[in-house]
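Asker: My questions will all concern the structure given below.
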2 protein chains.
Amino acid sequence: MRHRMSLMEDYRYLILAEGEFGPLTSKTANSAIRYIGDRVVGVIDSKQAGRKVQEVLGFGGDIPVVGTLAEGLEFEPTALLIGIAPSGGRLPLHWRPTLIGALEAGLPLVSGLHIYLSDDPELAQLSELEGVPIHDLRKPPEDLSISLGKAREVDALVVHTVGTDCNIGKMTAALEIRRSLVERGASVGFAPTGQTGILIEGWGISVDSVIADYIAGAAERIVLEAAAANDIVLVEGQGSLVHPAYSGVTLGLLHGSMPDVMILCHQPSRTCAYGAGGAFRWMPIPSLPEMIAICESAIRPLRESKVIGIALNTSDLSEDEALTARDRAEQQTGLPATDPVRWDPKPLSSAILDAAAAKAR
Amino acid sequence: MRHRMSLMEDYRYLILAEGEFGPLTSKTANSAIRYIGDRVVGVIDSKQAGRKVQEVLGFGGDIPVVGTLAEGLEFEPTALLIGIAPSGGRLPLHWRPTLIGALEAGLPLVSGLHIYLSDDPELAQLSELEGVPIHDLRKPPEDLSISLGKAREVDALVVHTVGTDCNIGKMTAALEIRRSLVERGASVGFAPTGQTGILIEGWGISVDSVIADYIAGAAERIVLEAAAANDIVLVEGQGSLVHPAYSGVTLGLLHGSMPDVMILCHQPSRTCAYGAGGAFRWMPIPSLPEMIAICESAIRPLRESKVIGIALNTSDLSEDEALTARDRAEQQTGLPATDPVRWDPKPLSSAILDAAAAKAR
C-alpha cells in the first residue's frame with residue numbers, strides 16, 4: 001500500500017542543471033538544495049564549474065558545482081536528480097549522455113519533469129538492464145481509483161493548506177508548520193501532492209498529473225496512508241478554488257482529503273491570479289474573509305471544516321510592511337496569522353494542536 | 001482547430017454487444033440506439049441473434065440482432081461501435097477476432113471504453129496498415145493546455161447543465177433542450193464532455209479522462225469551438241460540485257466553460273450521492289435552493305452566472321408524482337421547472353432564449 005519511491009528518501013543527489021544553474025532558472029535543483037541540502041553532494045553545470053552553490057544561489061553552503069558527471073561521481077552520489085526543465089518540453093539531446101552515464105554508473109534517475117523519463121525507450125531499457133530505477137516524481141500510480149470519502153473517518157487530525165492563489169507557498173508553509181509541530185512533540189505526517197513535496201518526502205502523488213476522475217481518489221489515498229502512522233496529517237495544497245485554470249484540482253484535493261481544519265495561505269502583495277504570463281490579470285484575488293467563506297462553503301455539504309489560521313508569504317515585503325500585513329490579516333479574520341518562514345510558525349502550530357486536542361476528546 | 005473525429009457523424013454503425021445486449025447491460029449500445037438509431041444498422045449478440053432491437057430493449061424498432069460480424073456486414077455498416085464494457089477493464093480475448101475482422105473489412109472502430117483500443121499494438125498496427133481509423137471516444141487530444149478563461153468572452157450565450165448528482169440526466173436534458181431551441185429557430189451548438197455525447201455529436205472531449213491540470217482547458221476549448229458557429233452553446237455537465245469523487249471535474253468544467261447561465265438537473269427521488277455500489281449513502285443531496293447557491297457561489301469569484309431553470313428527471317415517478325415534484329421545484333426556487341424528456345422542454349428553452357436576448361442587447 002505504501003507509495004514510497006523505494007529508498008528515495010535516502011538518496012544522496014548529484015543534480016543535473018547543465019547551463020542553467022541559477023536563482024531563477026533551476027527551480028527543482030534549488031528546492032532540493034533548500035529542503036534536503038544535506039543530501040545534495042554536487043551540481044553539474046559546466047558554465048559554473050568550480051564555484052560553490054552558495055556563490056550561485058545565495059544559500060546552499062559549500063556544495064560544489066562540477067563540470068561533468070565524471071567529476072560529480074567523485075562526491076559519491078547515489079542518484080541523479082534532474083534539476084532543470086527543458087524548454088519545449090522535450091528531452092534535450094545533450095542531456096542524454098549524462099542520463100545514460102548515470103544509469104550505467106548505477107545512479108537512479110529522479111525527475112519532476114512533465115515528460116516521463118521512464119517512458120523514453122532507451123532510458124527505460126537501460127534502467128531495466130542495469131537494474132537501476134527511474135523515479136518520475138509526477139507520474140501517478142497506475143492503480144488509482146475514485147475517492148469514497150474515507151479520509152473523513154481517520155483518527156488523525158487532517159490539516160489542509162489551502163490558498164488564495166497558486167504558487168503562493170502552500171508547501172513551504174506546511175513544511176514550516178510541520179517543523180514547529182515536531183519540535184513541540186507532535187506525531188506529524190506530511191502528505192505530498194506535488195513533485196517538490198514528493199522529492200523531499202520520498203513519496204506522494206502529484207495530484208495535478210492524475211486522470212481527472214481520480215483527483216479526489218489520489219488525495220484520499222495519501223491521507224489514509226499518512227494518517228495510519230501519525231496523529232496529525234498536513235496535506236499539501238495545490239492551486240486555488242478560484243484559479244481559472246487549476247480550481248478543479250483544488251476542489252478534488254479538498255474533497256478527497258476531507259480536512260478537519262484548514263490553514264489559508266496568502267501573499268498580501270498578490271492582487272490577481274498567477275500564471276500564464278499575466279493572462280489572469282482579469283481575475284482578482286478575493287479578500288481573506290471572502291476566501292475563507294469560499295473554502296468552508298466548498299466542503300460544507302460533505303463535512304464541516306473551518307479555516308483556523310492564516311499563513312502569509314511576505315517574502316517580497318519589508319519587515320514593517322510584513323507586520324502591517326499580519327496585523328491586518330488578524331483583524332480581518334479574527335484568526336492567528338503569521339509568516340511561518342519569516343517568523344515563528346507557532347501561532348499556526350498552536351491552533352493545530354488545539355484542534356487535535358479537540359478532535360481527540 | 002476542430003476536434004471532430006473525422007466523419008464520425010456520418011458513420012452507420014454495427015454495434016458489438018456480444019453476450020450482453022440488454023436494457024441494463026449494454027449502456028453504450030443503448031445510448032447509440034436511443035439517440036442515433038437511424039445510423040445503427042445492426043447489433044452483434046449471438047445469444048439474441050434473429051430478434052429485433054425493439055424486442056430486447058423495448059425501443060429501437062426493427063434494427064436486427066445478428067450472430068456474427070459477417071452477418072452484420074450484410075447490412076452495410078461503415079463502422080463498428082463497441083457497445084458493452086468488458087468486466088475487469090481488459091480487452092476480452094474473444095472480442096479480438098471481431099475487432100480485427102472489422103478493421104480488415106474497412107470498418108473504423110469506435111469505442112467509449114476506459115482502455116484505449118488505439119493503444120493495443122496489434123489493433124494499432126492493423127489500423128495503420130489498412131488505413132482504417134480507431135476512434136477512442138474518451139481519449140483526450142494530446143495538445144491540451146490550461147484554461148485562460150477565454151470562454152467568458154464569447155458572443156454566444158453559454159448555457160451549462162449542472163446537477164445535484166452524477167448520472168442524473170444532464171446530457172439528456174441538454175439534448176432535449178437543444179431540440180426545443182432548434183425547433184424554435186435558434187442556432188445552437190452542443191459541447192460534448194463525455195463519451196456518449198461525443199459519440200452522438202462526432203466531436204468533443206471527455207473531460208473526466210484528461211490530465212487533472214487540463215480539465216478547465218479542455219472545457220474552454222470545446223466552448224470556444226461551439227461558440228464560433230452558434231448563438232447559443234449548451235455545455236454538457238459532468239458529476240456534481242458536491243459529489244465526493246467527481247467534484248473536481250465538475251468545478252474545472254464550470255470554470256473552463258464560464259457559462260452565462262446554468263440549468264440545474266435533478267432527480268427528485270435521489271436522496272444521496274450516486275455510485276460505487278452505495279458507498280456514498282453518507283452524502284445527502286442538497287436541496288434545490290442549497291444547490292443553486294452552491295453552483296452560483298462556485299463561479300461568482302470568476303463571473304456572475306445564475307441558474308435560470310430546473311430540469312427534472314422523473315423517469316422513476318408516476319405522472320402524479322412527477323407533477324407534484326415539478327410544482328415543488330418551482331415553488332422552492334421560483335424558477336421554471338420541467339422534465340424535458342417527459343414533457344415539453346419549452347419552459348427551459350424559453351428561459352434560455354430570454355437570456356440570449358438579454359446578452360445580445
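The values are calculated or read from the model by the stated rules, or taken from the named source; none is laboratory data. Please read all numbers here as calculations on a predicted model, not as lab measurements. In this analysis, Cβ positions are derived from the backbone assuming ideal geometry, glycine residues included, and neighbour counts consider all displayed protein chains.
Asker: Cβ-Cβ distance below 6 Å, separation of 6 or more or different chains: which pairs start in segment B:282-295 with a residue that is facing another protein chain (nearest Cβ under 9 Å) and end on one that is among the hydrophobic types (A, V, I, L, M, F, W, C)?
Answerer: Cβ pairs passing all conditions: B:Met283/B:Cys272; B:Met283/B:Ala273; B:Pro284/B:Cys272; B:Ile294/B:Leu241.
Asker: Answer yes if at least one residue in segment B:91-100 is in contact with an Asp or Glu (Cβ under 7 Å, 6 or more places away or on another chain) and outside any helix (DSSP H, G or I), and no otherwise.
Answerer: Scanning segment B:91-100, I find at least one residue that is in contact with an Asp or Glu (Cβ under 7 Å, 6 or more places away or on another chain) and outside any helix (DSSP H, G or I), so the answer is yes.
Asker: To continue, here is another question. Within the set of pairs 6+ apart or on separate chains, which have a first residue in segment A:234-262 that is facing another protein chain (nearest Cβ under 7 Å), a second that is at pLDDT below 95 and in a helix (DSSP H, G or I), and C-beta atoms under 8 Å apart?
Answerer: Hits for this filter: A:Ala245/A:Ala276.
Asker: Something else now. Looking only at residues that are of a type in the set (A, V, I, L, M, F, W, C) and buried (at least 24 other Cβ atoms within 10 Å of the Cβ) in segment A:199-214, which one is farthest from A:Val40 (Cα to Cα)?
Answerer: Per the criteria, the residue is A:Ala212.
For every residue, the table says whether it meets (1) in a loop (DSSP other than H, G, I, E, B); (2) buried (at least 19 other Cβ atoms within 10 Å of the Cβ); (3) more than 21 Å from the chain's Cα centre (by Cα).
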residue	(1), (2), (3)
A:Ala298	no, yes, yes
A:Ile310	no, yes, no
A:Thr314	yes, yes, no
A:Asp320	no, no, yes
A:Gln332	no, no, yes
A:Trp343	yes, no, no
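Asker: Please specify each residue of segment A:196-217 satisfying the condition of being among the hydroxyl-bearing types (Ser, Thr, Tyr), within 14 Å of chain B (Cβ to nearest Cβ) and in a helix (DSSP H, G or I).
Answerer: Selection gives A:Ser209, A:Tyr214.
So that you can scan it fast, the table gives a plain yes or no per residue for (1) in the same structural domain as B:Ile84 (by TED's automatic domain parsing); (2) over 23 Å from B:Ile100 (Cα atoms); (3) surrounded by fewer than 15 Cβ atoms within 10 Å (Cβ to Cβ); (4) modelled with pLDDT of 95 or more:
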{"site": "B:Ser26", "(1), (2), (3), (4)": "yes, no, no, no"}
{"site": "B:Ser46", "(1), (2), (3), (4)": "yes, no, yes, yes"}
{"site": "B:Arg51", "(1), (2), (3), (4)": "yes, yes, no, yes"}
{"site": "B:Asp62", "(1), (2), (3), (4)": "yes, yes, yes, yes"}
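Asker: Can I ask one more? Considering only segment B:145-164, how many residues are in contact with an Asp or Glu (Cβ under 6 Å, 6 or more places away or on another chain), surrounded by 24 or more Cβ atoms within 10 Å (Cβ to Cβ) and outside any strand (DSSP E or B)?
Answerer: The total comes to 2.
Asker: Then there's this: Is it the case, given these coordinates, that A:Arg300 is within 14 Å of chain B (Cβ to nearest Cβ) and not hydroxyl-bearing (Ser, Thr, Tyr)?
Answerer: So A:Arg300 fits the description; yes.
Asker: Go through (1) closer than 19 Å to B:Trp203 by Cβ; (2) modelled with pLDDT of 95 or more; (3) assigned to a loop (DSSP other than H, G, I, E, B) and name the single condition B:Leu113 misses.
Answerer: In the conditions (1) closer than 19 Å to B:Trp203 by Cβ; (2) modelled with pLDDT of 95 or more; (3) assigned to a loop (DSSP other than H, G, I, E, B), B:Leu113 misses (2) alone.
Asker: I would also like to ask the following. Exactly one condition in (1) surrounded by fewer than 21 Cβ atoms within 10 Å (Cβ to Cβ); (2) assigned to a helix (DSSP H, G or I) is not met by B:Asn167; state its number.
Answerer: That leaves (2) as the condition not met.
Asker: Still on this structure, please answer the following. Filter segment B:84-104 down to the residues that are touching a residue at least 12 places away in the same chain (Cβ under 8 Å), surrounded by fewer than 18 Cβ atoms within 10 Å (Cβ to Cβ) and in contact with a Pro (Cβ under 9 Å, 6 or more places away or on another chain) and list them by number.
Answerer: B:Pro86, B:Trp95 - these are the residues of segment B:84-104 that are touching a residue at least 12 places away in the same chain (Cβ under 8 Å), surrounded by fewer than 18 Cβ atoms within 10 Å (Cβ to Cβ) and in contact with a Pro (Cβ under 9 Å, 6 or more places away or on another chain).
Asker: Another question, if that's okay. Please determine whether any residue of segment A:233-245 is at pLDDT 95 or above and in a helix (DSSP H, G or I).
Answerer: no
Asker: Tell me which residues, restricted to segment B:246-292, are touching a His at 6+ places or on another chain (Cβ under 6 Å), of a type in the set (Gly, Ala, Ser) and in a loop (DSSP other than H, G, I, E, B).
Answerer: Result: B:Ala273, single match.
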